[in-house]
Amino acid sequence: MSWSFTGVGTAAALAAAIDQDVEKYTGQSREEFAQVAPHLKGLLAAAHDEAAVALSASGHASFSDGKRTYAVVSVEIKQLGAIYREMPALAPSSAEGDPGAELASDIEPAEA
């Protein structure tokens, strides 16, 4: 059985998404993901809550006669940086609101 989770957001938002994601699985996959979920949330808790975080996690296990014979879990967490909720205002340029006009005025036209 296998499961996977991928998401980008704050650590708190991803932790909530993990709780919801457990519900989409059934049977053994759900049981495996439910066992790993608290550990994933614990790793996310170590991240800065206001930073953007990318989480990719997956797992697979094999069973024989109801006993787990093999299991693997892979987790990658990347802190991406700050989440901007508003775009910063651009400084006005010298050419009537065109921020690239100053740079463009330094370019010589190509010869034909």
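Bear in mind these aren't lab numbers, they're just calculated from the coordinates by the rules spelled out. Everything quoted here is computed from the prediction, not taken from an experiment. Note that each Cβ is placed from the backbone with ideal geometry, even for glycine, and that neighbours are counted across all protein chains shown.
Excluding residues fewer than 8 places away in the same chain, name every one of the lysines whose C-alpha is closer than 19 Å to that of Lys41.
Lys24, Lys78
Across segment 58-67, in residue order, what do the Karplus-derived ³J(HN,Hα) couplings come to in whole Hz, using 6.51 cos²θ - 1.76 cosθ + 1.60 with θ = phi - 60° and x for Gly and Pro?
So the Karplus estimates, Gly and Pro as x, are 8, x, 8, 9, 10, 10, 9, 6, x, 10 Hz.
Among Ser64, Ser2, rank each residue by its count of other Cβ atoms within 10 Å, from fewest to most, as a rough exposure measure.
Numbers: Ser64 8, Ser2 14.
Fewest-to-most Cβ neighbours within 10 Å comes out as Ser64, Ser2.
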